[in-house]
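Take a look at the structure set out below.
Nothing in this text is a laboratory measurement; each read-out follows from the coordinates by a stated rule. These figures come from a predicted structure and were not determined experimentally. A quick note on method: Cβ atoms are made from the backbone with ideal geometry, for glycine too, and the neighbour counts reach across all protein chains shown.
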Amino acid sequence: MIAEESMERKIRILIAKPGLDGHDRGAKIIARGFRDAGFEVIYTGLHQTPEQIVAAAIQEDVDGIGLSILSGAHDYIFPQVIQLLQGKGASDIVVFGGGIIPEEDILSLKGSGVKALFVPGTTIEEAVKWVRENIKPRK
Amino acid sequence: MFKEDQLKKVQEEKKKWGGDLSKMLSETPERLPRFTTVSDLEIKGLYTPEDIKGLDYSREVGFPGVFPFTRGVQPSMYRGRLWTMRMFSGLGGPEETNKRFHYLLNHGETGLSIAFHYPTLMGYDSDSPNARGEIGKCGVAVDTLKDMEILFEGIPLDKVTTSMTINPPASILLAMYIVMAEKQGVSKKEIGGTIQNDMLKEFIAQKTFMLPPRPSLRIIVDTIEYCTKEVPRWNTISISGYHIREAGATAVQELAFTLADGIAYVDAAMERGLDVDDFAPRLSFFFDSHIDFFEEIAKYRAARRIWANVMKERFMAKKPRSWMLRFHTQTAGCSLTAQQPFNNVVRTAYEALAAVLGGTQSLHTNSLDETYAIPTEEAVTIALRTQQILAEETGVTNTIDPLAGSYFVEALTNEMEEKAWDYIRKIDEMGGMVKAIERGYPQMEIAEAAYRFQRQMDANEKVTVGVNKYVTDHPPITIWRMRPEIEERQLKRLQEVKRTRNNGKVKECLGEIRKASQNGENLIPHIINAVREYTTIQEICDVWREVYGRYTDPGYF
């Protein structure tokens, strides 16, 4: 019994592809990389609205959401996801993102509550390490 | 290709060289344990006549313009006519894009290529909730014929050909182009251009999908059938490897999956009862030009040879034009880096050179800032000038297929061909590409290759300058930004069009499309009637989504 209680459950991450763009190479690589690192990974597939992503995150009881976007719609979509999470009382789910995000947008996205943004050049290991340090399984 | 005694001599000399080499390597070993292409294909240190000893010049290499077209599809290639310089362009609304078209044509571009924004690509109008945040960003917003009219203002459609990267709503955009040209006084018999119209690679790689594979294929065959009779100068499909490669495929996978898609389209059109020699001459292809120079050149040469054989042997086509694989090339977007973006000019130049040495019919060169956004005018000018320097300064256009006969290039061409056939046979065994896609086969093969490449990058086994080697900071560059007033203007125009058109007629036309969608009658004449009445793209696509259902991403990873 004691051993079971102290055993932490695995970190659960939702990798989500919001918006209409079909560039899912990065999202799939990171989903695989996280799975290989021992996380539980749920991948939404493409073309998800912010509403669908938040619903999936709550239903799957995830600890973090990784948003991948390459169409330039990040300035609308990222804050929208955060707002919807707040509305559902789920703002303890950590939101992070990756994709093509110009430097001048990074600050404002972080200001709106995105915990980290992984831009081109990030290795899988770096992303895994960040998740381990910043996302804990929620109770 | 070689006499026996010649080969024997080569073998002896090679043995001696091998001995000397081993001695040298015991003191100074080679830099790397394996030398590989970007696709992880192992390359030997030296190629000799031995590597192509079985090559039959007349049967496998031959002459340009002659079966199997390994050396090119035209007898004179670039000595007769240069490739078409066709820059993929679309930004903001039709006004901004029209201005870019004129700018590029004035700077020596020789063909147009439209990039549509995501809502158009996916069959949504600008006023759809799905379009939020996306309007005008990755291409031009087009909702109705009105937008097409503005887009082509002052552009002579009897002189310029246009390529449209559009897939689920390809038939609708083609219909708009036909009606817009007609309004300019140019008939559908005269217009020339291409619609991408290749849904199979959407399921495999680019992922702008809307309907399930089978109804998607049906609409494509409608387009092929209609254009074969009515729009004779139009390329009805651009069977694309580009997106397959960009999604992470190897060069061999790009080659094999693209040609397997091509086979599926020919099968589908023949099932409809079309004569292969009527439609095959208007099939066109589109490949990536990635950073691994010789692998790309070998890929193009192998592609022509395989396709010629497929058309002649498998489909029994009789016209030489049906055997020809004509293709457009785009330099590899995925080889570009956001870091140290000026290096992208160099990458693009090498990739463009590979495409030209591989005998492309038309070329888009990426701009240095395209990892971030639509290119600025300054960046796109450098990209266009890269092609012009290649065409008019470097001398590479003076002779046809100059790398033919290279032991390495011929051996690599053979190797790519054999490996591609292995895949094609495997897909045949699965029952063809549609079945393979339904099983997720090409999708998983690509995801696997993409992951392997990323792992190799992370382990520094593969190098990208500025990313995992020679990493230095660079100041940010100025990038193109979508202005919010463009979105407002687009929404206002759409509203205005919907208010002033004959809505009764629109409804009637949509009814006809629904009927034809259900009873199997060719859809294209009905789509032409509908767009003429300013029916929107989404209004037509909504009918299809209702009749056929949507395709959603199975999310293989």
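Some notes on this structure:
- Max mean-square fluctuation residue, GNM over chain A, Cα-Cα springs under 10 Å, options A:99, A:87, A:19: A:87
- Karplus-based coupling profile of segment B:433-446, in residue order and whole Hz: 5, 4, 5, 4, 5, 4, 7, x, 5, x, 4, 6, 4, 6, with θ = phi - 60° in 6.51 cos²θ - 1.76 cosθ + 1.60 and x standing for Gly or Pro.
- Using a simple spin-label model with pseudo-atoms 7 Å out from Cα toward Cβ, residue B:21 and residue B:505 lie 7.3 nm apart.
- Taking the Cα atoms of chain B, the ratio Rg/Rh between the radius of gyration and the Kirkwood radius comes to 0.98.
- Simple label model, 7 Å out from Cα along Cβ direction - residue A:86 to residue B:314, nm: 5.6 nm
- Shielding by partners, peptide B:499-506 (average Cβ within 10 angstrom, other chains): 0
- Taking other Cβ atoms within 10 Å as a rough exposure proxy, A:32, B:455, B:304 sort from fewest to most as B:455, A:32, B:304.
- Per-residue [θ]222 nm for chain B (sum of -39500 (n - 2.57) over DSSP H runs n ≥ 4, rounded to 500): -15500 deg cm²/dmol
- Measuring against 27 Å, Cα to Cα, the residue pairs B:3/B:319; B:159/B:507; B:137/B:207; B:3/B:318; B:137/B:507; B:201/B:419 contain B:3/B:319; B:159/B:507; B:3/B:318; B:137/B:507 as the ones spanning a longer distance.
- Antiparallel bridges, percent of DSSP beta bridges restricted to segment A:2-134 (to nearest 5): 0 percent
- Distance (nanometres) between label positions extended 7 Å along Cα→Cβ at residue B:471 and residue B:438: 4.6 nm
- Alpha carbon centroid spacing (whole Å) that separates segment B:1-68 from segment B:416-441: 30 Å
- Centroid-to-centroid separation of segment A:78-139 and segment B:206-220 [C-alpha atoms, Å]: 34 Å
- Relative to the longest principal axis of the Cα atoms of chain B, the long axis of helix B:251-271 lies at roughly 50 degrees.
- Relative intensity, log₁₀ I(q)/I(0), of the protein assembly as shown from a Debye sum that treats every alpha carbon as a point, q = 0.05, 0.07, 0.11 Å⁻¹: -0.24, -0.48, -1.19
- Expected-Rg normalisation [2.2 N^0.38 Å, Cα atoms] applied to chain A: 1.01
- For segment B:538-548, putting each phi into the Karplus relation 6.51 cos²θ - 1.76 cosθ + 1.60 with θ = phi - 60° gives couplings of 5, 4, 6, 5, 4, 4, 5, 4, 6, 6, 9 Hz, in residue order, rounded to whole numbers and with x for Gly and Pro.
- Sequence of B:276, A:131 once ranked by neighbouring C-beta atoms within 10 Å, starting from the fewest: B:276, A:131
- Stretching residue B:159 away from residue B:79 to a fully extended chain increases their span by 26.7 nm, per 0.36 nm per residue minus the current alpha-carbon distance.
- Whole-angstrom gap from segment B:126-163 to segment B:491-554, using each part's C-alpha centre: 17 Å
- Residues B:407, B:423, B:226 arranged by fewest to most Cβ contacts within 10 Å: B:407, B:423, B:226
- Once C-alpha pairs closer than 8 Å and six or more residues apart are averaged by separation and normalised to the residue number of segment B:57-458, the relative contact order reads 18 percent.
- The mean number of Cβ atoms from other chains found within 10 Å of a Cβ in peptide A:35-47 is 3, as a whole number.
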